[in-house]
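Inspection log for the structure reproduced underneath, given as structure tokens.
The values are calculated or read from the model by the stated rules, or taken from the named source; none is laboratory data. Every value quoted in this text rests on a predicted model; they were computed, and no experiment measured them. Cβ sites come from the backbone with ideal geometry, for glycine too, and all protein chains shown count toward neighbours. Heavy atoms of the whole protein, side chains included, go into the accessibility calculation; ligands, DNA and RNA do not. Shrake-Rupley method; radii C 1.70, N 1.55, O 1.52, S 1.80 Å.
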Amino acid sequence: MPHVTLYALEADLAGREPDLIGSLTSAVVSVYGEWARSSVDVRLIGIPAGRWARGGAAVTTAAPSVTFGMREEVFAREDAATVVARLVAAFTDAVTAVFGEDCRDDVLVELVGQPTSRSGLGGQVISP
């Protein structure tokens, strides 16, 4: 199950939730195919003012960041570099489609590989 988590300042996030959920889900589908749509899990995390900082000081503006959790085996595939590039581009496009082009250069996308043997669902370790 692909997990997409978007972090944004709460004030910037409010009211954009439906568009973000659709855009982020479509980003995954654009890379993996329509079969993935029903398994995409999107979490939108709004950070209250004063709780996002850079350089030791709270910020008043920040571009959203996206973390995408997936099986680490993807990084070992022959086409890994292409998949990574497509995911980064798709998530950046999804965010800027909702927040505007002004944030494009500052959107951070992190792809996090999780070994299947270190994940669980329903109280059971997921086996490969």
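Each part gets one Cα centre, and for segment 106-128 versus segment 1-46 those centres are 17 Å apart.
For LEU111, neighbours were defined as the other residues whose beta-carbon sits under 12 Å from its Cβ, and their charges (Lys and Arg +1, Asp and Glu -1) total 0.
Where does the longest stretch of the chain lie that holds no trypsin sites (Lys or Arg not before Pro) found in a DSSP loop with 13 or fewer other Cβ atoms within 10 Å?
Details: sites that count: ARG51, ARG77.
Excluding the exposed sites themselves, the longest stretch runs over 78-128.
Since only ALA49, SER117, ALA97 are under comparison, the one whose Cα sits farthest along the positive direction of the charge dipole of segment 1-118, derived from C-beta charges on Lys, Arg, Asp and Glu, is SER117. Annotation: for a label point projected 7 angstrom from Cα along Cα→Cβ of LEU44, residues of segment 67-109 with backbone N closer than 16 Å are 67, 94-100. Summary value for the chain: 30 percent relative contact order, contacts being C-alpha pairs under 8 angstrom separated by 6+ residues. Taking label points 7 Å from Cα along the Cα-to-Cβ direction, ALA76 and ARG118 give a separation of 1.4 nm. Among the protein heavy atoms, those of ASP41 account for about 40 Å² of accessible surface (1.4 Å probe, every chain in place). Placing a label point 7 Å from the Cα of HIS3 along the Cα-to-Cβ direction, the residues of segment 112-128 with a backbone N closer than 13 Å are 112-123, 126.
Do any GluC sites (Glu not before Pro) in segment 47-120 lie in a loop, going by DSSP, with at most 14 other beta-carbon atoms within 10 Å of their beta carbon, and if so which?
GLU78
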